[in-house]
Amino acid sequence: MKTRKINTYHQKKAYLFILPAMAVLTVFVFIPLISAFVLSFLRIDIYMNDIGFAGIENYARLFQDGRIWNAAKNTLLFSALEIPLQLLLALFLVMLMLGNRRLDKLLRATFYLPYVCSMTAISIIWSMLLNANSSVLSYVLRRFGMAMPNLLNSVTGALPTVALITVWKNFGYTVTLLSAAALDIPAALYEAAELDGASNFQKFIYVTVPSIRRTISFCFVTILIAAFQAFDQIYVMTGGGPLNSTETLVTYIYDRGFQTTHDLGYASSISVVLFVLIALVTFGFRKQTLGEAEE
C-alpha cells in the first residue's frame with residue numbers, strides 16, 4: 001500500500017514536469033490542428049464574413065484545381081532532391097570523421113552553425129549572393145569574363161537551387177545525429193572487421209551503416225516532414241515563381257488563405273490533406289522500420 005502511494009506521488013510529480021510542454025503543444029499544435037479541420041468544412045474568408053457550412057465542397061475543389069497539382073509535383077520534386085542529397089552528404093562526412101579527432105569535432109561544430117541560423121536570414125543572404133546583377137559573385141565572375149546565370153529566376157533552375165541551399169543549411173543537423181550514433185558503436189565490431197581484412201570504406205558500409213540504421217531512418221523522416229512543409233526559403237527567394245515553378249503545397253496554402261482569395265476554408269482543406277499525407281508516410285515508414293528492427 002505504501003509503495004503504491006509512493007508511485008502515485010512520483011507519477012503526479014512527473015505530470016507536473018510535462019505540463020508546460022503539453023500546454024505549449026496544446027496552444028500551438030492541437031488547437032490549430034482542430035481549428036484547421038473545422039475550418040475546412042466552412043465557407044469562410046480571412047475577414048470572417050458570410051460564414052457558412054460547405055461540407056466537402058472545399059475538398060472536392062482540390063481535384064479541379066490545376067495549381068494544387070502543380071504545387072504537389074513541386075513539393076515531391078523538392079523532396080526528391082533534398083532528402084537523398086542531405087542524407088548522402090551527411091553519411092559521407094560521417095565516414096570521414098569517424099576518428100573523432102579535434103579537427104573532426106571542429107568540423108562538426110562548423111557544419112552545425114548554419115542550422116542554428118534562421119532560414120529566413122539565410123534565404124535573404126543567398127538571394128543577395130545569387131543576384132545576377134549586383135552580387136559579389138556576379139562581380140567576380142564578370143572580372144573573369146563570365147556571366148552569372150540568374151538561377152532564382154529560371155523555371156528549370158530555381159527549384160534545384162532552393163533545394164541545394166536547404167541542404168546546405170540543414171545537413172549539419174543530420175551530421176550531428178549520425179555522428180553521435182556512429183561514435184556509440186562498440187570498437188570491437190571495427191576490430192573484428194579489421195581482422196577480416198576490411199578496408200575503411202568496407203567497415204563503414206558493413207559495420208557503421210547497419211549499426212546506425214534506426215538513426216538514418218529517423219533523419220529520413222524528419223527531413224521528409226521538413227521538405228513537405230518547405231515555405232520560408234521558397235517564399236523569400238522566389239515567392240513561388242517564376243511561373244509557379246517553385247510553388248509548393250505550403251506556399252500555395254499561404255497564397256489561397258492570406259494573399260489572393262483569402263479563402264480560409266479552402267486553404268484549411270489543403271492543410272488537412274497535407275497533414276494526413278505526412279502522417280500516413282511517417283507512420284508507414286516508422287512501422288516498416290520498427291518491423292525490420294524486430295526481425
- [ ] Obtain the nm distance between the two label points defined at A132 and K105 by a simple spin-label model: each point lies 7 Å from its Cα along the Cα-to-C-beta direction.
- [x] 4.7
Task: Cα→Cβ-extended label distance, 7 Å offset, between Y59 and Q11, nm - done: 3.8
TODO: Treating cross-link reach as a plain straight distance, find the aspartates and glutamates whose alpha-carbon is under 20 Å from the alpha-carbon of K287, omitting any fewer than eight places away in the same chain.
DONE: E295
Task: Net charge dipole size for the range 153-295 [Lys, Arg +1 and Asp, Glu -1 on Cβ; Debye, nearest 20] - done: 240
- [ ] Would you mind putting 248-254, 105-111 in packing order, based on average other-beta-carbon counts within 10 Å, highest first?
- [x] 248-254, 105-111
- [ ] Place the peptides 30-41, 190-201 in order of packing, highest mean first, counting for every residue the other Cβ atoms within 10 Å and averaging per peptide.
- [x] 30-41, 190-201
TODO: Output the relative contact order of the range 66-294, whole-number percent, from Cα pairs under 8 angstrom with separation of 6+ residues.
DONE: 29
Open item on the list: I'd like the distance between the alpha-carbon centres of the range 25-76 and the range 116-153, rounded to an integer number of Å.
Closed with: 36
Open item on the list: I need the helices of the chain that pass two filters: whole DSSP H segments spanning 27 Å or more by Cα along the axis, and mean Kyte-Doolittle score no lower than 1.0.
Closed with: 66-96, 158-183, 264-294
Task: For the chain, built as a Gaussian network whose Cα springs stay under 10 Å, the top-fluctuating residue of T166, T26, T176 - done: T26
Task: FRET efficiency, 1/(1 + (r/R0)^6) with R0 30 Å, evaluated for S154 and T282 via beta carbons - done: 0.40
Open item on the list: Under the rule a/c < 1.5 gives rounded, and otherwise a/b versus b/c splits prolate from oblate, where does the chain land using the Cα gyration tensor?
Closed with: oblate
Open item on the list: Can you give me the distance in nm between label points at S35 and Y47, each placed 7 Å from the Cα along the Cα-to-Cβ direction?
Closed with: 2.0
Task: Anchor K73: aspartates and glutamates whose Cα lies under 18 Å away (excluding residues fewer than 8 positions away in-chain) - done: D65, E82, E247, D255
Open item on the list: From the helices alone, meaning DSSP H stretches of at least four residues, give me the mean residue ellipticity at 222 nm for the chain, per-run term -39500 (n - 2.57), in deg cm²/dmol to the nearest 500.
Closed with: -22000 deg cm²/dmol
Open item on the list: Cut-off under 24 Å on the C-alpha distance; same-chain residues fewer than 8 positions from K12 excluded. Which lysines are left, in chain and number order?
Closed with: K2
Open item on the list: Taking 8 Å as the Cα distance limit and 6 or more residues as the minimum spacing, I'd like the relative contact order of the range 1-123 as a percentage.
Closed with: 9
TODO: Using amide H atoms built 1.01 Å from N in the peptide plane, name the residues 5+ places from R43, or on other chains, whose amide H lies under 5 Å from its own.
DONE: G52, F53, A54
- [ ] Run the dipole for the chain about the Cα centre, Lys and Arg Cβ at +1, Asp and Glu Cβ at -1, nothing else charged, and hand back the magnitude in debye, nearest 20.
- [x] 880
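Each value in this text was obtained by applying a stated rule to the coordinates, not by laboratory testing. Treat the numbers as computed from the prediction; the structure is a model and nothing was measured. A quick note on method: Cβ atoms are made from the backbone with ideal geometry, for glycine too, and the neighbour counts reach across all protein chains shown.
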